[in-house]
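The values are calculated or read from the model by the stated rules, or taken from the named source; none is laboratory data. All of these numbers come straight from a predicted model, not from anything done at the bench. Here the Cβ positions follow ideal geometry from the backbone for every residue, glycine too, while neighbour counts run over all protein chains shown.
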């Protein structure tokens, strides 16, 4: 890294007077060079000489084997450290801007972020495990189960001596004094604590088959702390035990800003142990007030219904039906007889009207009957057939007579008749009638037709 430490213009040649800078000018130039050349950086080291002022600002030295660096953490930045408390001897990684405190001419690091050494690796491990379990569906919303409205017994997995269980029980007993609490003691920090937490969740889930009293919901809780303090609740075994539980699980680990894998796997995440108690059980005072309001409303509705029924009963008692039932029955019978007579008259009138209509329709149908017309048409058809037969006979007779005359005339003109009188017809070999001897050659075959047959011959000579 190259720093530009040029202060203003270059000095004049030796023969001229040199430019003399003030201490403030030199300090400001060094500050500008540091902020421009280095600026914001991550630095690791050990904290020493830590001081916390009444203003909330913190001053400390960050050192390693060969050097040290002055650091300042202002109160505004300290509030964003998520509960991390800096102490002497702590190995940390800090991020900030390298600058110069001009009043002392001392360069320092204005810290903006701080985390314990190794926290980056833990955070990466946390994100990797979270992504893998989420891909398996361990955190899916459709796996979340609703909590029972009025749990009778709650199982709590936590340290029996921690502040978390005291806060939880204080709020729980204030809101629902009658709810039983079954505490399954475990370690909540340190190596091996995750296995104890997972086993405790499995034990409460398996009740009462394993001899433990059955619980309606399981609460996994502890107080706040750093990522390393809460790490046991980020172990895979704890997340899988919560997901496999047969009863709903509430996670209340750390403070509101702390999130663990137990929170993602649980059916409900509470920001604090006290909030978990408020979410699990309803306020007994509010429930009692609601019950009283419902009882009062039921009493009012019942009283109103009773008044209404009494008024109706009184009205019935004053009615004629209640006072003189026999007379009322007789009147109803008379009304029934009158209705029956009226109905009969109406039915008879309606039947008579329909009979008259039917009779008129029958007369109209009879007037339009096709029987007489069919008889007339049959007579006409008989006359037409007789006329047709007579006309046809006369025509056939005339045609026969014409045919006989034509046949006689044809017989007269027929060559067969001529042949019968002794004449004959001769045809040459081509079938042409021989009308002259010219054209006949000796040896040519000819055919002569007589009235009773044909004669074939050969021309011997023609002259």
*Which members of the stretch 149-168 meet the condition of being crowded, with 16+ Cβ neighbours inside 10 Å and either over 17 Å from residue 213 (Cβ atoms) or at pLDDT below 90 (or both)?*
158, 159, 162, 164, 165, 167, 168
*Determine which member of the set 277, 266 is assigned by TED's automatic domain parsing to the domain that holds residue 162, touching a helix residue (DSSP H, G or I) at 6+ places or on another chain (Cβ under 8 Å) and farther than 28 Å from residue 134 by Cβ.*
277
*Hey, does the stretch 57-64 have a residue that's in contact with a helix residue (DSSP H, G or I) (Cβ under 7 Å, 6 or more places away or on another chain) and either part of a strand (DSSP E or B) or surrounded by 13 or more Cβ atoms within 10 Å (Cβ to Cβ) (or both)?*
yes
*asked:* I'd like to check something: does the stretch 126-143 contain any residue that is in contact (Cβ under 8 Å) with a residue 12 or more places away in the chain and assigned to a loop (DSSP other than H, G, I, E, B)?
replied: yes
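Anything in the stretch 445-462 that is touching a strand residue (DSSP E or B) at 6+ places or on another chain (Cβ under 7 Å), over 13 Å from residue 424 (Cα atoms) and surrounded by 11 or more Cβ atoms within 10 Å (Cβ to Cβ)? List them, or say none.
Once the filter is applied, which keeps residues that are touching a strand residue (DSSP E or B) at 6+ places or on another chain (Cβ under 7 Å), over 13 Å from residue 424 (Cα atoms) and surrounded by 11 or more Cβ atoms within 10 Å (Cβ to Cβ), the stretch 445-462 yields 445, 457, 459.
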*asked:* Of the conditions (1) more than 30 Å from residue 26 (Cβ to Cβ); (2) outside the structural domain of residue 196 (by TED's automatic domain parsing); (3) surrounded by 12 or more Cβ atoms within 10 Å (Cβ to Cβ), residue 85 satisfies every one except a single condition; which number is it?
replied: (3)
*Cβ-Cβ below 9 Å, separation at least six or inter-chain, first residue in the stretch 282-310 and under 21 Å from residue 147 (Cα atoms), second exposed (fewer than 10 other Cβ atoms within 10 Å of the Cβ): which pairs?*
282/149; 284/177; 284/178
*What number of residues in the stretch 174-201 are assigned to a helix (DSSP H, G or I) and under 18 Å from residue 234 (Cβ atoms)?*
9
